[in-house]
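Structure first, then comments.
The values are calculated or read from the model by the stated rules, or taken from the named source; none is laboratory data. Everything quoted here is computed from the prediction, not taken from an experiment. Using ideal geometry, Cβ is built from the backbone for each residue, glycine included, and neighbour counts are taken over all protein chains shown. Accessible surface is based on the protein model in full, side chains and every heavy atom, while ligands, DNA and RNA are left aside. Shrake-Rupley method; radii C 1.70, N 1.55, O 1.52, S 1.80 Å.
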Amino acid sequence: MEILEDKANLNLPETWKRHYELGRNKHWKSGNDKASLISANLLYTHRQRTVNMLTDNNPTFNVTKLGDPNREDDEAYNDLLYTTEHWWIDQEQQIVLDKSITNGETYGVTIEKGTFNPDAEFNIGEVEILVVDPFHFGFYPVKCKDPYKAEAHLHYWPMSVKEARRKWPKFADKITSDTEFLEELGDDRREVTGGRPGEPNGYWSTFASAVKHMLNISTDGKQKDDELLVVECWAKDYSTKEDGTPKYTGNIRCVTALNGGRLVVDDRSNPSISPLIPDEQAQKCYLYDKFPFSFTQSVTDTAVPWAMGDFEQLKSLNIEVDKTLSQFTLYKDKAARLKLINPMDSGVPNQHLTNYPGIIRPANKFVAEGIRYLDPPQPPGDLIATLQLYKDFFFLVGATFELEMAKTPGRDVIAYKAIAALLERAAMMVRGKVRNYSKMIRERGRMYVSLAQNFYTEDRWIEYEEEGEKLSKIVSPDTLRIPAKLTVVSGSTMPVSKIQEREEALALFKMQAIDGVELLKKLEWPDRKNVIKRMSMGPLAEFFKRIAKLGVPPQLIQYFQQAYQLEDKEVEKSLEKGEFPPFAQVLSQIVGGGEGGAPPPTPTEQAEAEKTMTEAQKNMAEIVKIRADAALIAAKIRTEEVEQEVKMAGIGFDQEKLKIERAKTVDAIQDAKDRIKIDRAKVANEITRNAEQTGTPPYREKGLKSNNQE
């Protein structure tokens, strides 16, 4: 009762019920006959968007080795990883994750419980993860700030009396209904959906009575609840046996009680650990000393474990949006209900003023002008602006403002880089939620591994994906019992822009930064493994045809083809398992004519086989020589091409050099001519100056012939 009282003091039941009502679009406490009360459920939109964003992808698991890191058991760790991924997909754990995060975003906290159901999967058993309602969970002491360090965890839930008597037949005569304890939970969320439970009427009342009559259920004239409250208490108990060893495995004790705790129907040691495995091996399991519950806050609160959620921050803004919308609707309704003014002296009866074709005759034209519609009230101009302001604040506080702005007209985002930036921004705004929920997923995975190590008793088929190909294998329980810790890549459940990844892959492929294998992987091309094999076999297919014509046995060609298609690690595994024979064995089988049990070859057959082997070796040598000669010829061709390029470059260099020398010669001749002209001008000037000084005319030669040569 102390747990329920603490919840009541914190007003948790009322708060959780109110948040549930808001999620169901029940924003108004009561209706109004005079006005339409409108509610725009932005809280639902915000919650759904957050849940979808946090669960867009399956988580990416990793397995960390514990103990000796030099142990060569990588295959066992891979089997553990593949088994976990198979369980996540096969058991629809992504849907369970959606439910958990929905609870977290509605109530501020989400609780999960790991258990093994022996009746599941055709009675071979399977690990199940239960999403526990916050109304049905508590911890002690109630003031403990970290539920993981609490002394006890309590899980309580309603169950029908008939089911309880079937489950615990030894106490069937003592099990009775205790509806008074169910009322103490404060969970009346069923009333939100419509009528109150227990008060059926009309058709449903008749239908319920008919069902009770068919099932032979006595009602004594009125409907009775036949439920009781099952309380399961997981507590730390450090009691010891006479020899000093712990009485309970991992010091954890589980007690199940009914009828308000007065009837104990089960009291056992840690149910998460199988009593069939040795204690030293059980100590390596995750749930050996831990309660099988995970307690996750949506928004971290270091003071109270029952943390607040986004609803607590946003509901007042949503209510203001509802009020503004209702006010706008009130004006709209008034404007739509038009009133017609018909003066009393108009001379036109009211019944004649209809929208049907016809003729009305007012008393005069002045009265006719008075017949008109009354002007409707106009909504305040700031009403729409106020509505937009509340909406912007809602998305700003809800950390989804950027995504909303990207969708407004004129701000459409198309480029994949912009989409990636928006996704990164959105992921940053919910980084705290991502950390908390990633821890919850790690806890779920580790609880699964621990329960599987304890209760998997039979070999199981699992499916896994490798290089884009679906494969399957058998995993034994002993393989899973290795010291390991399961981790989750933080943020791996967040949405990823496939467009961005493909565009980047295409760009990197064009730059030859990645090969075709990585490109097909990013494009998620179907059956890409076979496509890659066909691409890689392209140049070798002709080679295999040529050696077949040269007489190489088909068995050898097939052997080489299979070996080429295998990866390095696949070759080693196949040789170890005997799935792929060594070359010497294949060769001996070809020479000997078969495997063990065949009769020994005769001398003639042996000689023929040796001859065939010699010819095959000769053919292979010739092939090697032909390939070497071809490579040599190709090298010579490349050398000749280089030499020709060098010669052509030399010729071009010489031509350029001749052009330069020719230009230098022309410049020198021109300089000489210019100097001669200058010298002649100087001499003529000197002679003229001397003649002027002496008064003698310049010297002139007459009768002489010029000796200038052309």
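Checking the a/c ratio against 1.5 first, then a/b against b/c, what shape does the Cα gyration tensor give for the range 1-88? Judged from the Cα gyration tensor, the range 1-88 comes out oblate (a/c at least 1.5, b/c at or above a/b).
Cross-linked pairs LYS549/LYS573; LYS657/LYS677; LYS99/LYS290; LYS473/LYS521; LYS332/LYS391: Cα-Cα separations exceed 29 Å for LYS549/LYS573; LYS657/LYS677. Each residue was assigned an accessible area with a 1.4 Å probe, and for CYS233 the value is about 40 Å².
Note on LYS174: lysines with a C-alpha under 26 Å away, same-chain residues under 8 apart excluded, are LYS162, LYS212, LYS222, LYS224. Near the amide H of VAL488, within less than 5 Å, lie the amide hydrogens of ASN62, all on another chain or at least 5 residues away, with H placed in the peptide plane. Listed by chain and number, the lysines whose alpha-carbon sits under 20 Å from that of LYS522, ignoring those within fewer than 8 places in the same chain, are LYS417, LYS470, LYS498, LYS510, LYS533.
Shown here for the range 52-142: GluC sites (Glu not before Pro) in loop regions (DSSP other than H, G, I, E, B) with at most 12 other Cβ atoms within 10 Å, namely GLU72, GLU92. Near the amide H of ASP237, within less than 5 Å, lie the amide hydrogens of ILE252, ARG253, all on another chain or at least 5 residues away, with H placed in the peptide plane. Among LYS636, LYS510, the sequence by solvent-accessible area, most first, with a 1.4 Å probe is LYS510, LYS636. Of the peptides 553-560, 236-243, 166-173, 392-399, the ranking by mean beta-carbon count within 10 Å, highest at the top, reads 392-399, 553-560, 166-173, 236-243. Annotation: amide H-H contacts under 5 Å for GLY125 (H modelled 1.01 Å from N, sequence separation of 5 or more, or interchain): ALA120.
Computed over protein heavy atoms with a 1.4 angstrom probe, the accessible surface ordering of VAL304, VAL348, VAL624, largest first, is VAL624, VAL304, VAL348. Sorting ARG49, ARG460, ARG24 by solvent-accessible area of protein heavy atoms yields ARG24, ARG49, ARG460, largest first, with a 1.4 Å probe. Just tell me which lysines come within less than 27 Å, Cα to Cα, of LYS365; anything on the same chain fewer than 8 places away is out. Straight-distance partners of LYS365: LYS339. With the whole protein complex present, TRP87 retains an accessible surface near 10 Å², based on a 1.4 Å probe.
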